[in-house]
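The values are calculated or read from the model by the stated rules, or taken from the named source; none is laboratory data. Computed from a predicted model, the values in this text were never measured in an experiment. Quick reminder, even Gly has a Cβ in these numbers, built from the backbone with ideal geometry, and neighbours come from all protein chains shown.
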Amino acid sequence: MSSSSVVSRALISSALTGAATTAVALLLSAKDTGHPAAALNATSHILWGDQAASVDGADYQHTVVGGALNASAVALWSTIHSLLPKPQSALARLRNAALVAAAAYVTDYYVVPKRLTPGFEKRLSGPSLFGMYLTLAASLALAGVTTTESKS
């Protein structure tokens, strides 16, 4: 696999996963808290501390920064996913995407210091948090189909 192919796959995947996880974070946050920006705001706790999780309304300091931090994190996982060998079947694509999303969850909540967790857990319910990682897996799988088909 050429380096330009990996970069291309990673960029496409990052854009798709970033858009999908941000949209789902807004929807799940609205459902769980009544405030669409609350979950993304909580992500900005990485820079602003725990008080960021109590901000409900959309603003630059919390929402835009939280969105950028989320996009950066999913770009990392998208890149890792892009470095895996191209799967030859739909089942293998789903397996790879699920494994990367599971690795993201374990890293986010069991490996990194508490200050570096995504922060979604501060505002989203357990089922909604599961939905975030399910969205990551689904968008990685979809990106895998998109980039595989575009290179075939």
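Quick notes on this one:
- Members of segment 106-148 found to be within 14 Å of the chain's Cα centre (by Cα) and part of a loop (DSSP other than H, G, I, E, B), listed by number: THR117, PRO118, GLY119
- Residues satisfying the stated conditions in segment 57-91, i.e. surrounded by 15 or more Cβ atoms within 10 Å (Cβ to Cβ) and part of a loop (DSSP other than H, G, I, E, B): ALA58, LEU84, LYS86, PRO87
- Test: SER13 is surrounded by 16 or more Cβ atoms within 10 Å (Cβ to Cβ) and either modelled with pLDDT of 95 or more or more than 24 Å from ALA143 (Cα to Cα) (or both): no
- Selection over segment 31-51 of residues that are hydrophobic (A, V, I, L, M, F, W, C), assigned to a helix (DSSP H, G or I) and crowded, with 22+ Cβ neighbours inside 10 Å gives a count of 4.
Quick grid of which residues meet (1) aliphatic (A, V, I, L, M); (2) closer than 22 Å to PRO127 by Cβ:
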site: SER5; (1), (2): no, no
site: SER13; (1), (2): no, no
site: THR33; (1), (2): no, yes
site: LEU40; (1), (2): yes, yes
site: ALA58; (1), (2): yes, no
site: ASN70; (1), (2): no, yes
site: SER78; (1), (2): no, no
site: SER89; (1), (2): no, no
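- Checked against (1) assigned to a loop (DSSP other than H, G, I, E, B); (2) modelled with pLDDT of 95 or more; (3) surrounded by fewer than 19 Cβ atoms within 10 Å (Cβ to Cβ), ALA103 passes all but condition (1).
- Out of ALA141, ALA68, ALA102, one residue alone is in contact (Cβ under 8 Å) with a residue 12 or more places away in the chain and closer than 26 Å to ASN41 by Cα. It is ALA102.
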